[in-house]
1. Please specify each residue of region 171-190 satisfying the condition of being surrounded by 24 or more Cβ atoms within 10 Å (Cβ to Cβ) and either within 19 Å of T42 (Cα to Cα) or in contact with a Cys (Cβ under 7 Å, 6 or more places away or on another chain) (or both).
2. What is the residue count in region 28-37 for residues that are assigned to a loop (DSSP other than H, G, I, E, B) and either of a type outside the set (A, V, I, L, M) or assigned by TED's automatic domain parsing to the domain that holds L322 (or both)?
3. Kindly indicate which of I82, I134, I123 is assigned to a strand (DSSP E or B) and over 18 Å from the mean Cα position of the chain (by Cα).
4. State which residue pairs qualify: first residue under 28 Å from D127 (Cα atoms) and inside region 155-176, second residue among the polar types (S, T, N, Q) in any location, beta carbons under 6 Å apart, and separation of 6 or more residues or different chains.
5. Might you let me know whether region 321-341 holds any residue that is in contact (Cβ under 8 Å) with a residue 12 or more places away in the chain, on the phi < 0 side of the Ramachandran plot, touching a Leu at 6+ places or on another chain (Cβ under 9 Å) and assigned to a helix (DSSP H, G or I)?
6. Which residue is nearest to L358 (Cα to Cα), if the candidates are limited to region 263-311 and must be part of a helix (DSSP H, G or I) and within 15 Å of the chain's Cα centre (by Cα)?
7. Taking region 9-59 on its own, how many of its residues are farther than 16 Å from M178 by Cβ, surrounded by fewer than 18 Cβ atoms within 10 Å (Cβ to Cβ) and polar (S, T, N, Q)?
8. What's the total number of residues in region 326-355 that are crowded, with 22+ Cβ neighbours inside 10 Å and either touching an Asp or Glu at 6+ places or on another chain (Cβ under 7 Å) or not assigned by TED's automatic domain parsing to the domain that holds A274 (or both)?
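The values are calculated or read from the model by the stated rules, or taken from the named source; none is laboratory data. A quick note: this is a predicted structure, and the numbers were derived from the prediction, not measured. Counting neighbours? That spans all protein chains shown, and the Cβs are built from the backbone with ideal geometry, glycine included.
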Amino acid sequence: MQDKLTLMIPGPTPVPERVLKALGKHPIGHRSQEFQQIVKRTTELLKWLHQTNGDVLTITGSGTAAMEAAIINTLSQGDKVICGENGKFGERWVKVAKAYGLDVTTIKEDWGKPLDPEKFKSILDKDDEIRAVIITHSETSTGIINDLKAISRHVKAHRNAIIIADCVTSLGACNVPMDEWGIDVIASGSQKGYMMPPGLSFVAMNENAWEASKRSNLPKFYLDLQSYKKSIDKDSNPFTPSVNLYFALEESLSMMKDEGLSSIFNRHKRHMNATQEAMKSMGLDLFAKDGFGSPAITSVEPTGLDAETIRKTVKVNFDILLAGGQDHLKGKIFRIGHLGFVNDRDIITAVAAIESALDQLNELKKPLGTGVATATKILNKQSN
């Protein structure tokens, strides 16, 4: 059967029917009072999701646009920054920072290992001139979750630095209390935990970030957050926004509000645990260091097997799309997304498809059904 593809990747993620219906409404004028009310409602819901009293700005663009906006609006050419790099997206922020002439110190870890908060503390303690720490919370390329809370605490002890966090695959999947943790800037994107198609991104800014923005001299126009700040105070946008994606945003955030933050976080944790344990029970190794797997995605390292062959078999036989490895990890890992609009059935189905694919390839190390049984027991136990 065609046209029944199931996305089990870290983005785009599955979109609820309610959100798709909202997306299909006739557009309205983006300067109309009706649209301004939508902007007002979504802004309040975004603050709720970020757990902040600060500003959350909506940009028509990708998560990368949000991160670039965060960097160019708070920093100046030649500023000293620390970038954490333990995956593809950490690498990207190093490239963006260098492209704008920032003085970058990189804290590296091997892909699959978390960033060490104490390494940030060591550098921060020795240099008062550092202006920012830039990290990826959930490193999508490897399935690692970095200790944002601990790193943010070290940044708060510094006199001059702010912390800029890529929370593209963590916001809406795990607890990221912006104000409580003292995070100055958070960037995220619509096609992840928001359960929407790609096209919108979000930048949350606290008072420290706005103070830093007053000193920034990096070039900006479309991504000038001061213009978004002036507009959001009037429930508007500086440029023409993606009107229909705002319809979808309001619907998705309303669904999330109805579910509640703790329930959302618990659901993602259950799905992470079930997926991880199912893979291990089948004799497959996890790529992320134990205890640091992301609630958004599980990376699997099928030692001795071609990960791309497994992905292809799952897609051809079951119309389920898994993510592959990037750069030097291509063919070595595959990644199972359990982010956003994913339920227990999706987890069981994905595990069964992987297990069946391994059996078809004569590479199944454990009795058929072991993975499904493991996932089912965990989901049943943790739902009680």
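1. Selection gives L171, G172, A173, V176, M178, V185, I186, A187, S188, G189, S190.
2. Residues that pass the stated criteria total 4.
3. Matching residue, one of I82, I134, I123: I82.
4. I162/N208; I163/S152; D166/T136; C167/S188; V176/S170
5. no
6. M272
7. The total comes to 4.
8. 1
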